[in-house]
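First up is the structure itself, then whatever we jot down about it.
Bear in mind these aren't lab numbers, they're just calculated from the coordinates by the rules spelled out. In this text the structure is predicted, and so the values were computed from the model without any measurement. Here the Cβ positions follow ideal geometry from the backbone for every residue, glycine too, while neighbour counts run over all protein chains shown.
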Amino acid sequence: MKCSKPLLAPLWDDLDGSAPNSAASYQVSGTAPNRVFTFEWLNYEWNWGSSSDDISFQVKLYETTNKIEFVYNDELGSISSPSATIGIL
């Protein structure tokens, strides 16, 4: 797969967000010039063959400082053969 730059990859892997309690959403918090853009993947299965919610994670982009933060939360499920590419390109 050819990717255009720049690319933020908080968890580039075989994710499944089709479960009823999975969601992808974003929000902007704070006031200019110190806003934070947060994109969240909630209750995702970390492997297409998984049968439970494995992980939730966020990407946070900070205005003015240009800080990028990846935040992870393990959920109750167990991860089957996890692998991932994580980074900034």
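What to note about this one:
- Among 15-25, 34-44, sorting by the average number of other beta carbon atoms lying within 10 angstrom of each residue, highest first, gives 34-44, 15-25.
- Stretch gain in nm, segment I88-N66, where the contour uses 0.36 nm per residue and the Cα spacing is subtracted: 6.6 nm
- Three-way shape call for region 1-42 based on the alpha-carbon gyration tensor, with the a/c threshold at 1.5: oblate
- Length, then width, then depth: along the principal axes, the Cα atoms of the chain run 42, 30, 18 Å.
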